[in-house]
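I have placed the structure first, in the form of structure tokens, so that the comments after it can refer back to it.
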Amino acid sequence: MSRLIERAIQSWAEELLGFSPVLVVEGARQTGKSTLARMLRPNAITVNLDDPQTLDYARNDPVGFAAQAGDGVLIIDEFQRLPSLSLAIKANVDADRRPGRFILTGSSDFARVRGDKDSLAGRALSVTVCPLTQAEVRDTTASGTLVDRLLGATGVHDLPASAEPLTHTGLAHLLTAGGFPAVHNAIPRLRAEWYRNYVERLVRVDALADGSRLAPERLLTVLRLLAAHQSGELVKARLAQEAGLAASSVTSYLDVLARLFLILRVRPWETNLTKREIGRAKVSVLDSGLAAWLCDASPTALTTIPHGVQQLGALTEGFVAGELHAQQQWSRSRYRMHHYRDRNQKEVDFILEVDDSRLIAIEVKASRTVTGSHLAGLRFLKDKLGPRLTRGVVLAPIDRPASFGDDLWALPLSALWS
């Protein structure tokens, strides 16, 4: 890209690094983990386990390898290549508990990687580097997260109108651009080729790197099906049938996709609100551009009525999920993400539970017009929860905020980043 985009998570990562001896920087390949690590400690000694000689050194002399930075900082890229190195790092840290001694980057979730290893529990803290958010791309992170702004607003007009009103065509282009730094600004033809190579290498190499015996073609099929049902509830039996898999093996395929940080699960909201919850998680492909490519959804196709517009809605919900997921890590107001649906089909796309137990409910629509019927799920929750539901919001590609009374608002999609 033409400029180095500042990552919103950097200040939080700095805080963790000033407290913990080890910082683990995880995330999907090509999201900027190594760049962030170097920005955190530009004078650190940096080694990469993708290099065969470096890997041999770490394998043959793990104690010496872990000690090579002395009193300085050691950045180890692609740490998942040698999980057993964690044993030497544990011993090194136990001998010297100074904060900020190691930064480990990995494109596989270390907790899910197989092999002889130590968990580094109590010695390491983690951050996840997500694809670029719109706030990072537009350099608006200083204004806080959506949750920060919603909790700080006294009325709907504290939230600004959209500076760049989104048409369906504009929304389709935003979704298909995705957030991978390497191709965010690439022309569609090059971006599509990048996605093709990216996915092929992940399912044929990275997915099998820890000894997994899954079929790459089936893994790609599962990923495509999840993209086709973007933000849908996960029904494992249906997914197994559509992918031609044994029901007992679906979990293994999903676990690999989660290990590679390709999918996002939004758990159901489980409280005493009702005993009739279905209890299924919603699953989406984490990056909207990759999701669109996986289901052959071009900007033109996404604005075709009726199928394209229906798909636009699902991709928009997945996009919002990705933005809210990324913002969790740098939000001043810490929150957890859920969704809600009961057996009577009352549902809300997102319920954000803040640490002080306040709730924010969010519905996502791709419609350019918000009507009272779009707030049915929000009104249901408001009736059940009363003042505990601090805000009920419909996010849609509209131009201006609007109030529907009783703390129920319609906001431009741009409220996510400005």
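Please go through (1) under 14 Å from the mean Cα position of the chain (by Cα); (2) surrounded by 23 or more Cβ atoms within 10 Å (Cβ to Cβ) for residue 293 and return the number of the only condition it doesn't satisfy.
Of the numbered conditions (1) under 14 Å from the mean Cα position of the chain (by Cα); (2) surrounded by 23 or more Cβ atoms within 10 Å (Cβ to Cβ), the odd one out for residue 293 is (1).
Each row is one residue, and each column tells you yes or no for (1) touching a Ser or Thr at 6+ places or on another chain (Cβ under 7 Å); (2) free of Cβ contacts under 8 Å to residues at least 24 places away in the same chain; (3) surrounded by fewer than 20 Cβ atoms within 10 Å (Cβ to Cβ).
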position: 356; (1), (2), (3): no, yes, yes
position: 367; (1), (2), (3): no, no, yes
position: 380; (1), (2), (3): no, no, yes
position: 383; (1), (2), (3): no, yes, yes
position: 392; (1), (2), (3): no, no, no
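For region 306-318, does any single residue satisfy the condition of being farther than 17 Å from residue 364 by Cα, open to solvent by 10 Å² or more (accessible area, probe 1.4 Å) and polar (S, T, N, Q)?
No, there is no match, as no residue in region 306-318 is farther than 17 Å from residue 364 by Cα, open to solvent by 10 Å² or more (accessible area, probe 1.4 Å) and polar (S, T, N, Q).
Criterion first (touching a strand residue (DSSP E or B) at 6+ places or on another chain (Cβ under 9 Å) and in a loop (DSSP other than H, G, I, E, B)) does residue 100 satisfy it?
yes
Taking the condition of being among the polar types (S, T, N, Q) and buried (at least 18 other Cβ atoms within 10 Å of the Cβ), how many residues in region 51-109 meet it?
So the count comes out to 7.
Would you check if residue 213 is under 30 Å from residue 381 (Cα atoms), among the basic types (Lys, Arg), without any contact (Cβ under 8 Å) to a residue 60 or more places away in the chain and not in a helix (DSSP H, G or I)?
Spelling it out, it is not the case that residue 213 is under 30 Å from residue 381 (Cα atoms), among the basic types (Lys, Arg), without any contact (Cβ under 8 Å) to a residue 60 or more places away in the chain and not in a helix (DSSP H, G or I).
Tell me, which helices (runs of 4 or more DSSP H) lie completely within region 119-205 with 3 or more residues that are free of Cβ contacts under 8 Å to residues at least 60 places away in the same chain and open to solvent by 60 Å² or more (accessible area, probe 1.4 Å)?
Passing ranges, in order: 188-204.
Out of all the residues in region 241-248, is one or more surrounded by 14 or more Cβ atoms within 10 Å (Cβ to Cβ), in contact (Cβ under 8 Å) with a residue 24 or more places away in the chain and within 24 Å of residue 304 (Cβ to Cβ)?
Scanning region 241-248, I find no residue that is surrounded by 14 or more Cβ atoms within 10 Å (Cβ to Cβ), in contact (Cβ under 8 Å) with a residue 24 or more places away in the chain and within 24 Å of residue 304 (Cβ to Cβ), so the answer is no.
Select from region 394-418 the residues that are among the aromatic types (Phe, Trp, Tyr) and closer than 17 Å to residue 155 by Cβ and write down the one among them that is most open to solvent (accessible area, probe 1.4 Å).
Only one residue fits best here, namely 404.
For residue 31, indicate whether it is under 28 Å from the mean Cα position of the chain (by Cα), touching a residue at least 12 places away in the same chain (Cβ under 8 Å), open to solvent by 20 Å² or more (accessible area, probe 1.4 Å) and over 18 Å from residue 91 (Cβ atoms).
It is false that residue 31 is under 28 Å from the mean Cα position of the chain (by Cα), touching a residue at least 12 places away in the same chain (Cβ under 8 Å), open to solvent by 20 Å² or more (accessible area, probe 1.4 Å) and over 18 Å from residue 91 (Cβ atoms).
Can you tell me how many residues in region 222-240 are open to solvent by 20 Å² or more (accessible area, probe 1.4 Å), in a loop (DSSP other than H, G, I, E, B) and closer than 17 Å to residue 291 by Cα?
Residues flagged as open to solvent by 20 Å² or more (accessible area, probe 1.4 Å), in a loop (DSSP other than H, G, I, E, B) and closer than 17 Å to residue 291 by Cα within region 222-240 amount to 2.
Considering (1) open to solvent by 10 Å² or more (accessible area, probe 1.4 Å); (2) over 16 Å from the mean Cα position of the chain (by Cα); (3) closer than 22 Å to residue 417 by Cβ, say which one residue 341 fails and leave the rest.
Result: residue 341 passes all but (3).
Consider residue 81 against the criteria (1) at positive phi; (2) modelled with pLDDT under 95: it satisfies all of them except one. Which criterion is unmet?
Evaluating residue 81 over (1) at positive phi; (2) modelled with pLDDT under 95 leaves (1) as the failure.
What single numbered condition from (1) surrounded by 17 or more Cβ atoms within 10 Å (Cβ to Cβ); (2) in contact (Cβ under 8 Å) with a residue 60 or more places away in the chain; (3) more than 28 Å from residue 397 (Cα to Cα) fails to hold for residue 255?
Unmet for residue 255, out of (1) surrounded by 17 or more Cβ atoms within 10 Å (Cβ to Cβ); (2) in contact (Cβ under 8 Å) with a residue 60 or more places away in the chain; (3) more than 28 Å from residue 397 (Cα to Cα): (1).
The values are calculated or read from the model by the stated rules, or taken from the named source; none is laboratory data. Because the structure is a prediction, the values reported are computed rather than measured. Cβ: placed from backbone, ideal geometry, glycine included. Neighbour counts: every protein chain shown. Calculation scope for accessible area: heavy atoms of the full protein, side chains included, ligands and nucleic acids excluded. Shrake-Rupley method; radii C 1.70, N 1.55, O 1.52, S 1.80 Å.
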